[in-house]
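Some notes on the structure that comes next.
The values are calculated or read from the model by the stated rules, or taken from the named source; none is laboratory data. Keep in mind it's a predicted model, so treat the numbers as computed, not measured. Cβ placement follows ideal geometry from the backbone for every residue including glycine, while neighbour counts extend to all protein chains displayed. Accessible surface areas use protein heavy atoms only, side chains included; no ligands, DNA or RNA. Shrake-Rupley method; radii C 1.70, N 1.55, O 1.52, S 1.80 Å.
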Amino acid sequence: MTKEVFNPSNFIYNIINENLADFGGPKIYTRFPPEPNGYLHIGHAKAICLNFGTALDYKGLCNLRFDDTNPTKEDTEYIDSIQEDVKWLGFDWQNRLFYASDYFQKMYDLAVGLIKAGKAYVCHLSPEETKSYRGTLTEAGKPSPYRNRSMAENLALFEEMKSGKLPDGTCVLRAKIDMSSPNLNMRDPVLYRIQHARHHRTGDTWCIYPMYDYAHPISDALEGITYSLCTLEFESHRPLYNWVLANVEPENQCRQIEFARLDLTYTVMSKRKLRKLVEEGHVNGWDDPRMPTISGLRRRGYTPESIRDFCHRIGVAKSNSTVDLAALEHCIREELNLTADRVMAVLNPLKVVITNYPKDQTEMLSVENNPERPESGHREVPFGREIFIEADDFMEDPPNKYFRLKPGGEVRLKAAYIIKCNEVIKDNQGNITELHCTYDPQTKSGQNESGRKVKGTIHWVAKEKAVQAQVKIYDTLFTKSNPEDTEKEKDFTEYLNPESLKIIDNALVEPSLTRAGIGKRFQFMRTGYFIIDQDSTASKLVFNRIVSLKDSWAKQQKA
């Protein structure tokens, strides 16, 4: 029977299509195997999209499997967060949730089989001695003095390891492969180590735990995985992956294929470094909107659609490269331009009194929600004698071609009237406290009877029913585009950006925003895209800036 192939969109699909054309083969079966020792980040999002996406494209299956082989670093908090992240991105493993710990007994039995076949032995070398015996890239290793123990002695020692009679670090189980191999991973790698630590699923049942390079291929084989898609750092591990399968599950049909990991400018992708940022208080938790974690991006205001779009656009490559942060920002900016309602918010308020507007009058003006989406309709906002504009929208001594408000100058208030600045009011220190303006009642938006036009249009918020809000402006977490590429004497945290978070406590927004729920995204006119943060309450709105309206950061780098 001819297998259905998918139009090639990357080199992995080309390989799958060639295999299907030449051999037919089983249903495409992939897996996403995270370690539950931290929160997922944008790099994992690429792996999630690739593994689940490949299965979907070929009408196959994809498992979610936790590689829970190191209980000292794992936590159910991470397991819960990983499941939430995968679901949020839009993927479903259905009833195929697995753990490496599901197979601990089977892995142990297979290890006993390796010992009986003369392909594994218990080694008492210390970690330092093991490293010394291993050799270098240019020098072959030398055999461990314990390499030729008898099968009976190895079986007895391995049983002692399992029964808890030996303390941590006493010995390990190693594969007997080739100490002269040019691939250091094949020089008798460790398969099991002693670790007296309680496991979150198996409790105290085990005190020996398999290494990743042993557990991973066996788990793949037991689940019937056909394509084990890994990042490039596992390329040199592929011979060991194949050795394990050939010696314990020779009938398997799994193939490991490596692809380039995702690196993003102005951030770090190492779980160890991300954990350091959290534990040392450089950020406010794993979901801090400055973090590249999926939970951080979610709280920042990114959508699953924008992240999937980003992963699709950057593609799948065979060699590592670094993607500019601007590419990710472009994806969310492009989406929100179409979907986010435009609202008026003033982050640095400057009071304007319209002296010829009736003191006790308030009128409701119609404002378009989104010009890119006419079906989104209009809403009404209050307008009155006293309003607030952005302080940056007024200059007392402006340069040429300044089209915002200035003494004697005119601007149009968005969806309202044309106003003219007549007087600048200052305090005793010379600071501008308010502007006195007049309006032309014949210039109402949509009903401009005078036909007059001005070049500048600015947004505003009426004092009547204005809502005070806290606004958080986020910038890149690091000042260096590649903070992981540090000098030896420097720590990557030395490149943390002290301006990565700016909090504005006295912003004013239009009253319609009090009816929006947590997680609702908006475009603040002429300012950027924002989301209502989970810290918002009935008495206090909190907004996170998702991204600016334009790619100002990239432009600064080119300047």
> residue 270 is checked against (1) over 21 Å from residue 339 (Cα atoms); (2) among the hydroxyl-bearing types (Ser, Thr, Tyr); (3) buried (at least 19 other Cβ atoms within 10 Å of the Cβ) and fails just one. What number does that condition carry?
Replying inline: (3)
>> So, residue 285, is that one within 16 Å of the chain's Cα centre (by Cα), surrounded by fewer than 16 Cβ atoms within 10 Å (Cβ to Cβ) and at positive phi or not?
In response: yes
> Counting only residues that are among the acidic types (Asp, Glu) and more than 20 Å from residue 50 (Cβ to Cβ), which one in segment 225-258 is most open to solvent (accessible area, probe 1.4 Å)?
Replying inline: 251
> Is there a residue being over 26 Å from the mean Cα position of the chain (by Cα), of a type in the set (Gly, Ala, Ser) and within 24 Å of residue 299 (Cα to Cα) anywhere in segment 462-480?
Replying inline: yes
> In segment 433-449, what residues are acidic (Asp, Glu) and surrounded by 14 or more Cβ atoms within 10 Å (Cβ to Cβ)?
Replying inline: 434, 440
> In the list 196, 237, which residue meets the criterion of being within 30 Å of residue 125 (Cα to Cα), of a type outside the set (A, V, I, L, M) and part of a helix (DSSP H, G or I)?
Replying inline: 237
> Are any residues in segment 513-544 more than 22 Å from residue 373 (Cα to Cα), surrounded by 16 or more Cβ atoms within 10 Å (Cβ to Cβ), under 22 Å from the mean Cα position of the chain (by Cα) and not polar (S, T, N, Q), and if so, which ones?
Replying inline: 533, 542, 543
> Pick from segment 450-496 the residues that are in contact (Cβ under 8 Å) with a residue 60 or more places away in the chain, in a loop (DSSP other than H, G, I, E, B) and touching a strand residue (DSSP E or B) at 6+ places or on another chain (Cβ under 6 Å): which of them is most open to solvent (accessible area, probe 1.4 Å)?
Replying inline: 465
>> Based on this model, can you work out whether residue 300 counts as open to solvent by 10 Å² or more (accessible area, probe 1.4 Å), closer than 30 Å to residue 384 by Cα and touching a strand residue (DSSP E or B) at 6+ places or on another chain (Cβ under 9 Å)?
In response: no
>> Quick check on segment 192-214. Is at least one of its residues closer than 24 Å to residue 58 by Cα and in contact with a Pro (Cβ under 9 Å, 6 or more places away or on another chain)?
In response: no
> Given the conditions (1) open to solvent by 40 Å² or more (accessible area, probe 1.4 Å); (2) without any contact (Cβ under 8 Å) to a residue 60 or more places away in the chain; (3) in contact with a Lys or Arg (Cβ under 9 Å, 6 or more places away or on another chain); (4) outside any loop (DSSP other than H, G, I, E, B), which single one is not true for residue 156?
Replying inline: (3)
> Can you find even one residue in segment 320-332 that is part of a strand (DSSP E or B), open to solvent by 20 Å² or more (accessible area, probe 1.4 Å) and small (Gly, Ala, Ser)?
Replying inline: yes
>> Out of the residues in segment 99-153 meeting the condition of being of a type in the set (Val, Ile, Thr) and touching a Lys or Arg at 6+ places or on another chain (Cβ under 9 Å), tell me which one is surrounded by the most Cβ atoms within 10 Å (Cβ to Cβ).
In response: 122
>> Every residue in segment 180-193 that is buried (at least 19 other Cβ atoms within 10 Å of the Cβ) and assigned to a loop (DSSP other than H, G, I, E, B), please.
In response: 187, 188, 189
